[in-house]
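In what follows, a single structure is set out as structure tokens and then discussed.
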Amino acid sequence: METQYPQDDVRTLSALTNLSEVVCAELLASTGGNLQATIAMLQEPDTFPTSPPPRTEPEPDSGLHGLADDDETLSSCTTPLVAPAPVPPPTPPAASGLFSRLYAFLASIVSILGQLLDHSAPPDARFSANYESQCPYPHPAFIDGSYPDVLLAHRSCSRPILVYLHSDLHQSTQEFCRSVLGAPQIIDFVNTNFLLWGCTSRTAELFMIAHSLEVSGYPFLGVLGEVNSRMVVIDRIEGLMPADDVLQKLVQAHEMYEAQLVALRHERLAQTEARNIIEEQDQAYLESLRADQARERAAEEAKRIAEQEEQRLAQAAALEQSAIAAKTLLKEEKRRRIPPPPVDGGPSTAGNVRLPDG
């Protein structure tokens, strides 16, 4: 029974090699369904199988297609791949029939992949200069730098980003650059309303961005904008079309983005107003609570002072009563110490008292 492998892997390998999905499925079968191992097998001739992979039914046709004139299929891969530097086509091993033709064709594909997937090349720091050297036509102003650089510029001015992915191998690229990007109405509108950033197919950055934006055709223009703190694709333009149609789509995308910004501003304004009302209510509640707490503290302080005064008066009264009682006891004690008066007719002692005045 034929083993089924993920259709995404089959399509990815087919996009990279321009082979039919049937042949790609057989190549995946020879590596147990491992996409990276299959690509490595194609890049290293020593690991290539010496006989055609087994299949359930013979195929009358080789399933091979001619190499495309553009890199549209190469750029539509769904998984970024790292390829080594370009290598010369290897000498095919002794084989015949389908396998011989397949091996010779894949050797040329490997050489092309080595050029297109060269991740050692830096991003287009000067895309505009490269663009003008290949397409000497009028064009809108490009922002040179990497993709993160244009994101920073977008956040500082809130203008949407217009991403242009440039494939110098595509058959429609020159016409697109001349009749679309070179159209006066496109130049004026883009310069006024967008941040135009370009990337060439000769860099790994394009493959990562194409994968992120799910690009399926070239030439490609994508309108990007930040909504709710994340970048979203507002609209996309794929393939060659008249400049007026491109302008109409750009106008609609810009209006859509502006409408989203207006709605977002209204939403944020409503949220801010609601937050301000809540803060004002909280502030009023806190002030009322502080006033109530101040009154409670004042009442408690007055009560404490009154209680202290009552205690002081009670202590003073108690001390006064104690002093009176002690004085009364002292008088009684002195009174008890006075001897009784002499009895009439009893023994007595007479004494004279002479005063100083005689």
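For the range 215-241, give me each residue that is at pLDDT below 85, closer than 24 Å to THR12 by Cβ and surrounded by fewer than 17 Cβ atoms within 10 Å (Cβ to Cβ).
The one that is at pLDDT below 85, closer than 24 Å to THR12 by Cβ and surrounded by fewer than 17 Cβ atoms within 10 Å (Cβ to Cβ): SER216.
Taking the condition of a type in the set (Val, Ile, Thr) and within 50 Å of the chain's Cα centre (by Cα), does ILE305 pass?
no
Which numbered condition in (1) of a type in the set (Asp, Glu); (2) under 30 Å from LEU224 (Cα atoms); (3) loosely packed, with under 10 Cβ neighbours inside 10 Å is the only one that GLU333 fails?
The number of the failed condition is (2).
From GLN271, GLN252, GLN248, which residue is out of contact with any strand residue (DSSP E or B) (no Cβ under 8 Å at 6 or more places or on another chain), in a helix (DSSP H, G or I), within 17 Å of VAL223 (Cα to Cα) and open to solvent by 70 Å² or more (accessible area, probe 1.4 Å)?
GLN248
Of all residues in the range 188-205, count the ones that are touching a Pro at 6+ places or on another chain (Cβ under 9 Å) and at pLDDT below 90. Full working, then the answer.
Step one: filter the range 188-205 for residues touching a Pro at 6+ places or on another chain (Cβ under 9 Å), giving 188-191, 193-196, 199, 203-205.
Okay, now just the ones that are also at pLDDT below 90, so 199, 203-205.
Looking only at that region, the number is 4.
Can you name the residue in the range 169-214 that is closer than 23 Å to SER146 by Cβ and among the charged types (D, E, K, R) and is also most open to solvent (accessible area, probe 1.4 Å) among such residues?
Going through the qualifying residues, I end up with GLU214.
On the phi < 0 side of the Ramachandran plot and modelled with pLDDT of 80 or more - does that describe any residue in the range 339-353?
Our first condition is that a residue be on the phi < 0 side of the Ramachandran plot; within the range 339-353, this holds for 339-344, 346-353.
From what is left, the residues that are modelled with pLDDT of 80 or more are none.
No, the range 339-353 has no match at all.
The values are calculated or read from the model by the stated rules, or taken from the named source; none is laboratory data. Here the structure is a predicted model, which is why all the values come from computation and not from measurement. We place every Cβ from the backbone using ideal geometry, glycine too, and count neighbours over all the protein chains shown. We work out accessible area using only protein heavy atoms, side chains counted, and drop any ligands, DNA or RNA first. Shrake-Rupley method; radii C 1.70, N 1.55, O 1.52, S 1.80 Å.
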